[in-house]
Amino acid sequence: MVIDFHNHFYPDKIAAAAIEKLTTCADIVAYTDGTLSGLSEDLTKSGYDLGVVLPVATAPKQVENINTRAVAVQEQFPNLISFASMHPDYENYKDEIFRIKELGLKGIKLHPDYQNTFFDDEKILNILDEAFKNDLIVVVHAGLDIGLPDPIHTGVEQILKVLDIFKDRAQKLVLAHTGAWGQWDEVLEKIAGKNVYMDISFSLGSTKRKSTGEELKLLDDDLLVKIVRKHGVDKVLFGTDSPWGDHKMMLDKFLTLPFTKEEQDKILYLNAKKLLGI
């Protein structure tokens, strides 16, 4: 079994434009057409059983529609589990988090770079507090986003502050991109081993530059293995960041890494099943 804990899509009517804009900004290629059906089909074609969809609210007014749509996504595509989203400037966050829980959604996605709010800002701390009270998973983009300029809003410094504030209450927090994209030496030194999950999305192997077709190396294999082993395989989740990560290539790459079959199974699906409660 394989569960991809980190995927994205865009509404059909804007998918082509969104993919064109984002691939140009980040200078990377996309591996699906960005649509919901394209994502579902590519997961199946690549040998995946389930994919977790992580919608991002880039404005407060999008929050309720995204979260209502998440229920329909799951009903339409049985191989997808959609999270909700939340924006730091959404005022009625307590009521909406309660509604998210009532809708049966498993968690929320935050992207502090797109939401222009540092991860240790009081507005995000309040959302985290309410989400954890309602036993929801929170996935946060961590580290650099190569499509956006500095500053990094969820860097190692901010992550450590949040973990210190919430301590064991942060055990349902997932740090995307192997703890903090591009800050992996610091992740190994300061975050690996903490009581928090991390996914390994957009970390395996390489991708391509849109402008030149040249290879862009992601996280070094040896460093990834060191981080995972220090962190503990029980707290690591497999993910791709599709459409920015290729489902087949990243799964094939993962299977070449020096993990035992038991460790592979935990990272590929057992940890996800436990966290999702399925």
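The values are calculated or read from the model by the stated rules, or taken from the named source; none is laboratory data. In this text the structure is predicted, and so the values were computed from the model without any measurement. Because the Cβ atoms are built from the backbone with ideal geometry, glycine has one as well, and the counts that use them run over all protein chains shown. Please note that ligands, DNA and RNA were not included when accessible areas were found on the heavy atoms of the full protein model with its side chains. Shrake-Rupley method; radii C 1.70, N 1.55, O 1.52, S 1.80 Å.
Return yes or no: is TYR90 of a type in the set (Phe, Trp, Tyr), outside any helix (DSSP H, G or I), farther than 16 Å from PHE132 by Cα and open to solvent by 30 Å² or more (accessible area, probe 1.4 Å)?
Working: of a type in the set (Phe, Trp, Tyr): yes; outside any helix (DSSP H, G or I): yes; farther than 16 Å from PHE132 by Cα: yes; open to solvent by 30 Å² or more (accessible area, probe 1.4 Å): no.
It is false that TYR90 is of a type in the set (Phe, Trp, Tyr), outside any helix (DSSP H, G or I), farther than 16 Å from PHE132 by Cα and open to solvent by 30 Å² or more (accessible area, probe 1.4 Å).
Can you work out which of the residues in segment 133-145 that are assigned to a loop (DSSP other than H, G, I, E, B) and open to solvent by less than 50 Å² (accessible area, probe 1.4 Å) is farthest from LEU237 (Cα to Cα)?
Step one: filter segment 133-145 for residues assigned to a loop (DSSP other than H, G, I, E, B), giving 134-136, 141-142, 144-145.
Next cut, open to solvent by less than 50 Å² (accessible area, probe 1.4 Å) only: 134, 136, 141-142, 145.
On the way: ASN134: 22, LEU136: 17, HIS141: 14, ALA142: 14, ASP145: 19 Å.
Step by step, filter segment 133-145, then rank; the result is ASN134.
Residue by residue through segment 31-87, note down the ones that are outside any helix (DSSP H, G or I) and in contact with a Gly (Cβ under 6 Å, 6 or more places away or on another chain).
Of all residues in segment 31-87, those outside any helix (DSSP H, G or I) come to 31-35, 46-59, 77-87.
THR32, LEU80, PHE83 - these are the residues of segment 31-87 that are outside any helix (DSSP H, G or I) and in contact with a Gly (Cβ under 6 Å, 6 or more places away or on another chain).
Return the residues of segment 44-95 that are under 19 Å from HIS6 (Cβ atoms) and of a type in the set (S, T, N, Q); say none if nothing qualifies.
Residues satisfying the conditions are THR44, SER46, THR58, ASN67, GLN74, ASN79, SER82, SER85.
Can you confirm whether segment 264-273 contains a residue that is part of a loop (DSSP other than H, G, I, E, B) and surrounded by 15 or more Cβ atoms within 10 Å (Cβ to Cβ)?
Going residue by residue through segment 264-273, those that are part of a loop (DSSP other than H, G, I, E, B) are none.
No; the residues of segment 264-273 include none that is part of a loop (DSSP other than H, G, I, E, B) and surrounded by 15 or more Cβ atoms within 10 Å (Cβ to Cβ).
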